[in-house]
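The values are calculated or read from the model by the stated rules, or taken from the named source; none is laboratory data. The structure displayed is predicted, hence computed values, not measured ones. Positions of Cβ are generated from backbone atoms using ideal geometry, with glycine treated the same way; all protein chains shown enter the neighbour counts.
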Amino acid sequence: MTTFFKNTLLLGIICLLGFNEGKAQFKVTQWKERDAWQNVPEIMSALNLQRGDKVADIGCHEGYLSMHLAKMVGKQGKVYSVDIEQYKLDKLNSEAEKRGHKNITTVLGAYDDPKLPKSSLDAIVVMRTYHEISSYMKYLKHLKEALKPGGKLVILESIRKSRVDWSRSSQTSYHELSIPIVKSEMKKAGFSSIMTWPKIAYWKSNKKRPLWMMRGTK
């Protein structure tokens, strides 16, 4: 086997693993298993949601977190579930209907714009999606514009200890981001009172992949 062929094969395997990594967390059939390790109560606590609040779930996929948010804000509240792929939003709408959640509105966002109403949200959560956004400063600007004064932005990502000091591009190639990088970007975007939770869970129960959380205020 030539060196070129070996390298090509290795690259293909890495891409395939990355693809599977991105898909595995979102299937409705895996939600019960995910509840066991995701630590949703800690996320809800950071969002500080009240009945009647309006919240956005960025990178919602099939709606795992959106369903939890819908329960939290109640019938008088509203959840904006944002994704860039319509078929995922279609599945989310179907699941919301099955569960009787009428307070969820799906939004087909763009790569650089979540397309949310301005100055209308009490909180926004971005669950392991921020690392996929290439125009991240532009995106943060849009998120900030969508929040009410005092609104909260909560970002969750995972990072292996061995990759913490890597460059941003190197980290995101493994679908990860570290706390210092995101904190710097949130500050640059104008968010204040930034708090961090270095480990609220282990991603998919993998002890080498702590899931961290950060909250900023508009």
Q. Looking at Lys188, is it of a type in the set (Lys, Arg), loosely packed, with under 12 Cβ neighbours inside 10 Å and either closer than 23 Å to Met44 by Cα or at pLDDT 95 or above (or both)?
A. yes
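Being in contact with a Gly (Cβ under 9 Å, 6 or more places away or on another chain) and part of a helix (DSSP H, G or I) is the filter here; which residues of segment 143-184 pass it?
Going residue by residue through segment 143-184, those that are in contact with a Gly (Cβ under 9 Å, 6 or more places away or on another chain) are 144, 152-155, 173-175, 183.
Residues satisfying the conditions are Lys144, Lys183.
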Q: Kindly provide the set of residues from segment 160-213 that are under 19 Å from Leu143 (Cα atoms) and small (Gly, Ala, Ser), ordered by number.
A: Ser184, Ala189, Gly190, Ser192, Ser193
Q: With the checklist (1) surrounded by 22 or more Cβ atoms within 10 Å (Cβ to Cβ); (2) of a type outside the set (D, E, K, R); (3) over 17 Å from the mean Cα position of the chain (by Cα) in hand, flag the one item Ile58 doesn't pass.
A: (3)
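Against the definition (part of a helix (DSSP H, G or I), within 18 Å of the chain's Cα centre (by Cα), within 23 Å of Met186 (Cα to Cα) and not hydroxyl-bearing (Ser, Thr, Tyr)), how does Leu89 come out, yes or no?
no
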Q | Subset of segment 156-181 that is hydrophobic (A, V, I, L, M, F, W, C) and free of Cβ contacts under 8 Å to residues at least 60 places away in the same chain - its residue that is surrounded by the fewest Cβ atoms within 10 Å (Cβ to Cβ) | A | Val164
Q: Search segment 46-79 for residues being of a type outside the set (Val, Ile, Thr), in contact with a Leu (Cβ under 6 Å, 6 or more places away or on another chain) and not in a loop (DSSP other than H, G, I, E, B), and hand back the single one that is farthest from Pro117 (Cα to Cα).
A: Met72
Q: Can you work out which of the residues in segment 92-107 that are touching a strand residue (DSSP E or B) at 6+ places or on another chain (Cβ under 8 Å) and in a helix (DSSP H, G or I) is nearest to Gln30 (Cα to Cα)?
A: Leu92
Q) Of all residues in segment 23-45, which are of a type in the set (Phe, Trp, Tyr) and part of a helix (DSSP H, G or I)? A) Trp31, Trp37
Q: Could you look through segment 61-77, keep only residues that are closer than 22 Å to Arg209 by Cβ and of a type outside the set (Phe, Trp, Tyr), and pick out the one that is surrounded by the fewest Cβ atoms within 10 Å (Cβ to Cβ)?
A: His68
Q | Residue list for segment 118-136, filter: farther than 19 Å from Glu176 by Cβ and either in contact with a strand residue (DSSP E or B) (Cβ under 8 Å, 6 or more places away or on another chain) or not in a loop (DSSP other than H, G, I, E, B) (or both) | A | Ser119, Ser120, Leu121, Asp122, Ala123, Ile124
